[in-house]
Amino acid sequence: MSSGCSADIVIENVAFYGASGAADAASPLCPSVMPTGAAITSTTVQETAGAIVYGTQPYTWTTYTNESAGQAVPTLSLSPSNGALTLSATLTASAEGGLVFGLGGLYFASGATASTTCDNASAYSGITFAVTGNLGGCSLQFQVADSERTPPANSPRGTCAEGANCAAPSYALSQLGTVNIPFAEVSGGVPAGTVDPDDIISIQWVLEP
């Protein structure tokens, strides 16, 4: 039986880092768009249709949340002063011993049709962001979902054939603060391997008891 936890964290200054100036060729798995700059949570931000949208078309990132069965829906709220995101989740104990989680994330939504292209960030070394607040006994992982590890049932950009077993590569955060996470260290998932930065679909912060 897992114990519960309650977290309230602030995520800000999300961006790619380590620009090399040379990007890989577009992934054969997903039509791709190059970043217009390093920033992901840019200063251009608006709330629309219950979501928070960063950037302007044809290059935007949009918020979402998800949770395991029986858990309260996490909340993602915007701090208008600096475009930061506050992620709040209360996770209760699971008598069945199954996976318990709550998450908030940003999915790449470029072009007139939001879910047709991936972000080719291969000209960068990784992703940086700052996390402050209170984990409240929860653990925190950062995940990057690419086309190879996303099932088509979740996104038309996904090509993973493992169904419900498909899983995004992850990076465990041992402490709060500003972190630089190399793509080469975002690993695991199903199929196993490091994240492929030339076909990124989404990034997410996962809270677990």
(request) For region 1-83, just say rounded, prolate or oblate: build the C-alpha gyration tensor, square-root its eigenvalues into a ≥ b ≥ c, call rounded for a/c under 1.5, and beyond that prolate if a/b exceeds b/c, oblate if not. (result) prolate
(request) Between the alpha-carbon centers of region 124-160 and region 54-94, tell me the distance in whole angstrom. (result) 12 Å
(message) Skipping prolines and chain starts, which residues have an amide H placed within reach, meaning under 5 Å, of the one on ALA93, given they are 5 or more residues away or on another chain?
(response) GLY4
(message) How much of the pair distance distribution for region 5-208 lies past 27 Å, counting alpha-carbon pairs only, in percent?
(response) 25 percent
(message) Over 10 Å intervals from 0, what percent of Cα-Cα pairs in region 40-104 sits in each interval?
(response) 21, 42, 24, 12, 2
(request) Over the chain, calculate the relative contact order: mean separation of alpha carbon pairs under 8 Å at least 6 apart, over the residue count, as a percent. (result) 28 percent
(request) Report the label-to-label distance for SER79 and THR48 in nanometres (one decimal), using points 7 Å from each Cα along the Cα→Cβ vector. (result) 2.5 nm
(message) How long are the semi-axes of the equivalent ellipsoid of region 128-209, taking √(5λ) for every eigenvalue λ of the Cα gyration tensor, in whole Å from largest down?
(response) 24, 14, 10
(message) Normalised radius of gyration for region 75-190, please: alpha carbon Rg relative to 2.2 N^0.38 Å, two decimal places.
(response) 1.18
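Read-outs: derived from the displayed coordinates by stated rules, not from any lab. The shown structure was predicted, so the numbers you read here are calculated from the model rather than taken from an experiment. All Cβ positions, glycine included, derive from the backbone under ideal geometry; neighbour counts span all protein chains shown.
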